[in-house]
Amino acid sequence: MEFATIKGFKDILPDEAVIWQRLESEARRILRLFGFKEIKPPLLERTELFSRSIGQETDIVSKEMYSLKDSKGRGMTLRPEATASVVRAYIQHRLYQQNPIQKLFTMGPMFRHERPQKGRFRQFHQINAEIFGDPGPRSDADIIILAMSLFEAIGLSGLSLSINSLGCPECRVGFRAELKNYLLMKTDALCADCRRRAETNPLRVFDCKVEKCKGLVTGAPSILDSLCNACEEHFESLQGYLEGSNIPFALDHRLVRGLDYYNRTTFEIQTDRLGAQNAVAGGGRYDGLTRLLGGPDHPAIGFAVGVERVVALLEENAPREVGRPDIFLAALGETAQKACFRWTVELRKAGLWVEMDYGSAGLKSQMKKADRLGAHKVLMVGEDELAKGKGTLRDMESKVQKEVDLENLVLSLRAVGKI
Ligand code: HAM
C-alpha cells in the first residue's frame, strides 16, 4: 500500500480505543478525587523550553527530539514530555496567584525519536499529574499514592514501586565528584558517550543502555550515602508515609531518571510483563524548574503514566467489546424508512444507541445486520405496521416479539419496559 503509518507511530483502532477510554475515564475519576484540574498545553513549543528543562546531556535532548524551524528560523519542537510545558503555562499564566497549591493534570501525545520496540514508540501518550507549591514529603507521598491508586482502579496488579532520592544541589556536589572519580577510574570500560558524560554530567551514566555501562554502574557509589541531613529526613519521612499507607516499595539508588530537572525524590512503577520497556510510570520532584524557566521559586513534584504500556497490560485480559446498540430499526418500504429515520433522531435524543440500515435491504438482511451489531432489540416496521400504528419489537436474546405503539415511540418503548 502506498501510505502507511510512519515507523514508531501507530493507529489506535476501535477495539483498542475502548481500553484507552476506560483508562482515561478511570484516571479522570481518580485525579478528581485527589483535586487535580486539567490543563491542555499545545504540542509544539520553543525548542529551548525542552533543552533547558530536560538538559542538554540527556538522550531526549541530544538525540530524540522532533525539531523544526519556523519561517523566522526559530527552533520549535514537538513536545517529548509534558512537564516543561505545564511549568511554562504555570509561569506564563501566573497560576500560583489563584492558589498557592496547584494540582494539574494533562493527557496526550509525546514525541521521541527513539528506536521503536515493544512498548516503545516515537509517538506515545502520557497521563501527567503535577503538584506545584509544596516542598514537603507529604506531597511526594500523595503523588505516588495517586499513581498507585490509578493502577489499582483499572485493575492492574503485579506492579512494583522503586524510589530514590537525588538530594538537593548542595548534597549532589559531593556525590557528583565521588561518582566522577569512580567513572574516571573505569573510563576504558565506558562507552564513548559515557566517557564524555563522566566529565560533563556523571549522573547520566546511570541511564546508559549500553550493557558494559549498565554493568559498571552496579558497583557505583550510592547517592543515598551522600544525602545531607535535610534531604535524608525528607526521604525517610516519605518512606514513613508510604509504609503508613501500605504501599510497598524498594530503594534503588541508580534511579536517576532520564531528565535533568529532578531533585530529591524520584520514583518509577514497573512491570515484569513488558520486557525491556518495563516502566509504566515515572516521576519525581523538580523544585528548581520553575525558577530555571524564569518563574518564581516554587517547588513541584509529578509523574507521567505511559498509556501504551498500560493498555498493553490491560489488553491481556480486557474484553474487546465496543458495546452493543440498544435498538435496531428494521424498515421495509420507503414510507417506513422515512418514519424510522425520523425515529432514530428522536430515540437518540432520548439517550438510546440506535442503528438503522442506510440502504433498502430486505428484512432478512437487516436482521442479520442487527445480529452482527449485537443489537438488544429490533423494531420491525413495514407499510402494514405503519397503517396499524403498531410495530413489532423483537428481543434478540429471548426471541420474544411484542407489539408496540408507534404513535409516541419513546414513550411506548418505555411503557413495555424495553428501554
Ligand atoms: P519519562 O520517564 O520520560 O518521564 O516518561 C514517563 C513514562 O512515559 C515512562 O515511564 C513510560 O511509561 C512512558 N514512555 C516514555 N517514553 C516512551 C516511549 N518512547 N514509548 C512509550 N512509552 C514511553 C517523563 O516524561 C516526565 N515528564 C514525568 C514527570 C512528570 N516527572 C515529573 N512530572
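In deg cm²/dmol, rounded to 500, what helix-only [θ] at 222 nm does the chain give when every DSSP H run of at least 4 residues adds -39500 (n - 2.57) and the total is split over its residues?
Helices in the chain give a 222 nm mean residue ellipticity of -11500 deg cm²/dmol.
Under the classification rounded if a/c is under 1.5, otherwise prolate if a/b is larger than b/c and oblate if not, where does the range 94-165 fall, given a ≥ b ≥ c as square roots of the Cα gyration tensor eigenvalues?
Because a/c hits 1.5 or more and a/b fails to exceed b/c, the range 94-165 counts as oblate.
Hand me the GluC sites (Glu not before Pro) from the range 355-400 located in a DSSP loop with no more than 16 other Cβ atoms within 10 Å, in residue order please.
GLU397
Could you tell me whether the range 48-129 comes out rounded, prolate or oblate from its Cα gyration tensor? Rule is a ≥ b ≥ c as square roots of the eigenvalues, rounded for a/c under 1.5, then prolate if a/b exceeds b/c, otherwise oblate.
oblate
Would you list, by chain and number, the aspartates and glutamates whose Cα falls below 19 Å from the Cα of LYS40, excluding same-chain residues fewer than 8 positions away?
GLU24, GLU26, GLU81, GLU130
Under Stokes-Einstein, with the Kirkwood radius over Cα pairs standing in for Rh, what whole-number D in µm²/s applies to the range 289-370 at 25 °C and 0.890 mPa s?
In µm²/s, the coefficient rounds to 139.
Summing Lys, Arg as +1 and Asp, Glu as -1, what charge do residues with Cβ under 12 Å from the Cβ of LEU406 carry, LEU406 excluded?
The answer is -3.
With point charges of +1 on the Cβ of Lys and Arg and -1 on the Cβ of Asp and Glu, referenced to the Cα centre of the range 157-298, which listed residue (GLY215, ALA189, SER157) lies farthest in the positive direction of the dipole?
Value: ALA189.
To test your reading of the geometry: what angle, between 0 and 90 degrees and rounded to tens, separates the Cα axis of helix 363-373 from the longest principal axis of the chain?
Its long axis makes an angle of about 20 degrees.
Counting Lys and Arg as +1 and Asp and Glu as -1, each charge on the Cβ, what is the dipole of the chain about the Cα centre in debye, to the nearest 20?
920 debye
How large is log10 of I(q)/I(0) for the chain at q = 0.07, 0.12 Å⁻¹ when the intensity is taken from the Debye formula with one equal scatterer per alpha-carbon?
Rounded to two decimals, the profile gives -0.48, -0.97.
For a quick check of your reading of the filter: which trypsin sites (Lys or Arg not before Pro) in the range 317-412 sit in a DSSP loop and have no more than 12 other Cβ atoms within 10 Å? Intermediate results must be reported in sequence, preceding the final value.
Details: sites: ARG320, LYS338, ARG342, ARG348, LYS349, LYS364, LYS368, LYS369, ARG372, LYS377, LYS388, LYS390, ARG394, LYS399, LYS402; in loops: ARG320, LYS399.
Taking the range 317-412 and a limit of 12 other Cβ atoms within 10 Å, the loop trypsin sites (Lys or Arg not before Pro) found are ARG320, LYS399.
Can you work out the base-10 log of I(q)/I(0) for the range 1-50 at q = 0.29 1/Å, using the Debye formula on its C-alpha atoms alone?
-1.01
Which of the lysines could be linked to LYS388 by a straight reach, that is with a Cα gap under 27 Å, when you skip same-chain ones fewer than 8 residues away?
Hits, sequence-local ones excluded: LYS338, LYS349, LYS364, LYS368, LYS369, LYS377, LYS399, LYS402, LYS418.
With a cut-off of at most 13 other beta carbons within 10 Å, and DSSP calling the residue loop, which chymotrypsin sites (Phe, Trp or Tyr not before Pro) in the range 338-384 qualify? Please list them.
TYR358
Hey, any idea what the orientation-averaged projected area of the convex hull of the range 191-332's Cα atoms comes to, in nm²?
If you wrap the Cα atoms of the range 191-332 in a convex hull and average its projections, you get 16.1 nm².
Write down, largest first, the equivalent ellipsoid semi-axes of the range 1-153 in whole Å, where each equals the square root of 5 times an eigenvalue of the alpha-carbon gyration tensor.
Rounded to whole Å, the semi-axes are 27, 23, 14.
Nearest 10 degrees, 0 to 90: what angle lies between the long axis of helix 83-92 and the longest principal axis of the chain (Cα atoms)?
90 degrees
Based only on the alpha carbon positions, what is the Kirkwood hydrodynamic radius of the range 131-204, in angstrom?
Radius from the Kirkwood sum: 15.5 Å.
Return the carbon/sulfur percentage of the accessible area of the range 291-419, one whole number, probe 1.4 Å, all protein chains in place. Write out the running numbers ahead of the final one.
Working: 3520 of 6940 Å².
Ligands and nucleic acids excluded, carbon and sulfur reach 51 percent.
Using Cα atoms only, what is the angle between the long axis of helix 229-244 and the major principal axis of the chain, expressed in degrees (0 to 90) to the nearest 10?
30 degrees
Inverting the mean 1/r over all pairs of different Cα atoms, compute the Kirkwood radius of the range 250-335 and quote it in Å.
Radius from the Kirkwood sum: 17.0 Å.
Reported to two decimal places, what Rg/Rh ratio describes the range 143-256 when computed on Cα atoms with Rh from the Kirkwood expression?
Rg divided by Rh gives 1.05.
The values are calculated or read from the model by the stated rules, or taken from the named source; none is laboratory data. Worth saying up front: this structure is predicted, and the values here are computed from it rather than measured. As a convention, Cβ positions derive from the backbone with ideal geometry for all residues, glycine included, and neighbour counts pool all protein chains shown. What goes into the accessible areas is simple: the full protein's heavy atoms, side chains included, and nothing from ligands, DNA or RNA. Shrake-Rupley method; radii C 1.70, N 1.55, O 1.52, S 1.80 Å.
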